[in-house]
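What follows is a short report on a single structure.
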Amino acid sequence: MSAQNPAGGPLLHGPADPEHDPRASYALEPGYTQNLTRRILSTTGTTAPVESPLNGQPVAHVPQSSEADVREAVARARRAQEAWARTSLAERSAALLRLHDLVLDRQDEICDVIGVESGKARKDAFLELAHVALTARYYARTAHAHLDSRRVPGMFPALTHVEVHHLPKGVVGIISPWNYPFTLALCDGLPALLAGNAVVIKPDAQTMLTALLGAELLEQAGFPPEIWQVVAGPGRDIGPPLIQGVDYVCFTGSTATGKLIAGQCADRLIGCSLELGGKNPILILRDAAVEKAAEGTARASFSNAGQLCVSTERLFVADQIYDRFVERFVARTKAMTLGATLDWSVDMGTLISADQLETVTAHVEDAVAKGARVLAGGRARPDLGPYFYEPTILEGVTPDMTCFGHETFGPVVALYRFHDEADAVARANAGQYGLNGSIYSQDGGRARQLARQIKCGTVNINEGFGSTFGSLAAPMGGMRESGMGRRQGSEGILRYTDTQSVATQRGVRIGPSFGLSQEQYAKALTVSLRVLNKLGRA
């Protein structure tokens, strides 16, 4: 429901007894949030309320953008991009390095805002800002390697001079999700800026302030404010005009929405990169270090209450160590601490919303009703906050249960026993997804061989997801219905460029010369092709 505010600022009225009702006061100072929300391009006079999932406390009223506002944001970005593209690569890299330091300097503030809006544990909030710092530093230090023009061999050695350039696409549209609202608002946009583009971003409505804090830090790092435009509103309303106006789209979210976006981009023949859903597997091989595997699997399954695209929902364990592993994994899971706090004292925070809680509850109840066994968790915790749910381990999940093949996106993982590794790989590859996988084994060589058989865009050995997620030189993305395109590495920045080849011909022309006929020219060219092949030339 929207609230009207003719003045365009936040609405400050509310219940009058904050001592007894958290909903009676704002979780963040209204002046602070108003300073952030002024960055939204909005002329509607309409705002939407944001509440903290920790306790239902009001956070802010966020101005909403119209279709006309989106078109204006794209126009402003396009004007600013022309000047930005003329700045030197060194200047853009320096701004990224300043952002790196700013993010680390203001980490307490960033963690607080992330915690208030998303409800995640502080340790998970910290990993967001660490990932942004890593991304900024990586691309700043490798900018020339990715973007410098390079010379490539021409048709005729010494006579054909060819250069390949990477030109910015123009304006990049980013539609970012709520689950990792700081890093996913920034980490896709930083390489776009470095490549000389401008950005128009539509963050998720539930975590707008975190994304706006990122925009503030970009400006303070020295990026011109006009090249990072922010719009707000329901995706169904302002998503289409955004896609209609930009030159490339980056989206992180559900597979269903990703398919719609891909279709809209196809209609305009513009590119897109999509990180979508997953039903991510871990394989615990017979020679795995049990304690290490139990600890890593708990992190992989329950980080951010399982609301992580690359988190684990399926766990395949070798017969030989199944009982020992399950004992340690269940013990670790039951020992996890939950709570509605912004400090470092808890292992897991809350789900983001009533919708997420409803999905998790329905998946678990459906599985139990059809015969699955709950080894840990399995219930909501309204005593902690409105959307808390315990980290849950299920055994005996079968294909007729919803959580068998559908993404839960919550703190629920299913255990499966296997005897044959080939069967485990086949079961891990079952279904339509292919985002992230993991293998635990003390034989690294064998694990790496198996990894190449897993149909996932990233596979981690003896780690759930952090090894690939934190290795910025390694491309990251999904196979099959888990998406298309990659973030990180060279692919993560070159997606925002158009490749241009410029060839200069010297001496002879590409065609008959020196009085040769077409037939004579063809024979001479045949001889030269054979010679070049014998010389080993590409």
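The values are calculated or read from the model by the stated rules, or taken from the named source; none is laboratory data. Keep in mind that what you see is a predicted model, and the values were worked out from it rather than measured. So basically every Cβ, Gly included, is an ideal-geometry build from the backbone, and we count neighbours across all protein chains shown. The protein model used for the area step is the full one, side chains on, heavy atoms only, and it has no ligands, DNA or RNA in it. Shrake-Rupley method; radii C 1.70, N 1.55, O 1.52, S 1.80 Å.
Observations on the structure shown:
- The Rg/Rh ratio of region 311-370, with both radii computed over alpha carbons and Rh defined as the Kirkwood radius, is 1.04.
- Whole-angstrom gap from region 408-428 to region 461-512, using each part's C-alpha centre: 31 Å
- Tail weight of P(r) past 21 Å, computed on alpha-carbon pairs of region 368-479, percent: 48 percent
- Probe 1.4 Å - accessible area at residue 490, Å² to nearest ten: 50 Å²
- Relative to the dominant Cα principal axis of the chain, helix 107-118 is inclined by about 70°.
- Between helix 235-245 and the chain: long-axis angle, C-alpha atoms, 0 to 90°, nearest 10: 10 degrees
- For residue 292 and residue 205, the FRET efficiency from 1/(1 + (r/R0)^6), where r spans their Cβ atoms and R0 equals 45 Å, is about 0.70.
- Largest to smallest in accessible area, the residues 323, 443 fall in the order 323, 443 (1.4 Å probe, all protein chains included).
- Residue 419 paired with residue 256, simple spin-label distance in nm, labels 7 Å along Cα-to-beta-carbon: 4.0 nm
- Debye-sum result for region 216-324 in log10 I(q)/I(0), which assumes one identical scatterer on each alpha carbon, at q = 0.17 Å⁻¹: -0.90
- The chain: antiparallel DSSP beta bridges as a percent of all, rounded to 5: 40 percent
- For the chain, cysteines whose Cβ has no other cysteine Cβ within reach (under 4.7 Å): 111, 187, 250, 309, 403, 456
- For region 30-183, alpha-carbon Rg relative to the globular expectation (2.2 N^0.38 Å, N residues): 1.39
- Angle between the chain longest axis and helix 122-147 axis [Cα atoms, degrees, rounded to 10]: 0 degrees
- Rounded to two decimals, the Cα-based Rg/Rh of the chain, with Kirkwood Rh, is 1.04.
- Gyration tensor (Cα) of region 23-67, equivalent ellipsoid semi-axes in angstrom: 21, 12, 7
- Note that region 250-401 shows a convex hull volume over its alpha carbon atoms of 150 Å³ per residue.
- Between the listed residues 144, 77, 357, the Cα displaced farthest toward the positive end of the dipole of the chain, a dipole computed from Cβ unit charges relative to the Cα centre, is found at 144.
- Unit charges on C-beta of K, R, D, E only; dipole of the chain, Debye: 2620 debye
- Between residue 159 and residue 381, the modelled label-to-label distance comes to 7.6 nm, taking each label 7 Å out from Cα in the direction of the beta carbon.
- Taken over region 157-205, the alpha-carbon convex hull comes to 88 cubic angstrom per residue.
- When +1 charges are put on Lys and Arg Cβ atoms and -1 charges on Asp and Glu Cβ atoms, the dipole computed for region 147-210 relative to its Cα centre reaches about 120 debye.
- Length released on extending from residue 452 to residue 355, taking residue separation times 0.36 nm less the Cα-Cα span: 31.3 nm
- The DSSP beta bridges internal to region 113-255 are antiparallel in roughly 20% of cases.
- Taking each residue as 0.36 nm, the span from residue 518 to residue 398 lengthens on full extension beyond its C-alpha to C-alpha distance by 36.2 nm.
- Å² of accessible area per residue within the chain, as computed with a 1.4 Å probe and no ligands counted: 42 Å²
- Largest-first principal axis extents of the Cα set of region 135-248 (Å): 59, 31, 25
- Pairwise Cα distances in region 123-177 exceed 15 Å for 71 percent of all pairs.
- Rounded percent of accessible protein surface that carbon and sulfur make up, the chain, 1.4 Å probe: 53 percent
- Stretchable slack from residue 365 to residue 108, in nm (0.36 nm times residue separation minus alpha-carbon distance): 88.7 nm
- Placing R0 at 22 angstrom, the Cβ-Cβ distance between residue 38 and residue 90 gives a FRET efficiency of 0.10 after rounding to 0.05.
- Convex hull volume of region 370-430 per residue (C-alpha atoms, cubic angstrom): 97 Å³
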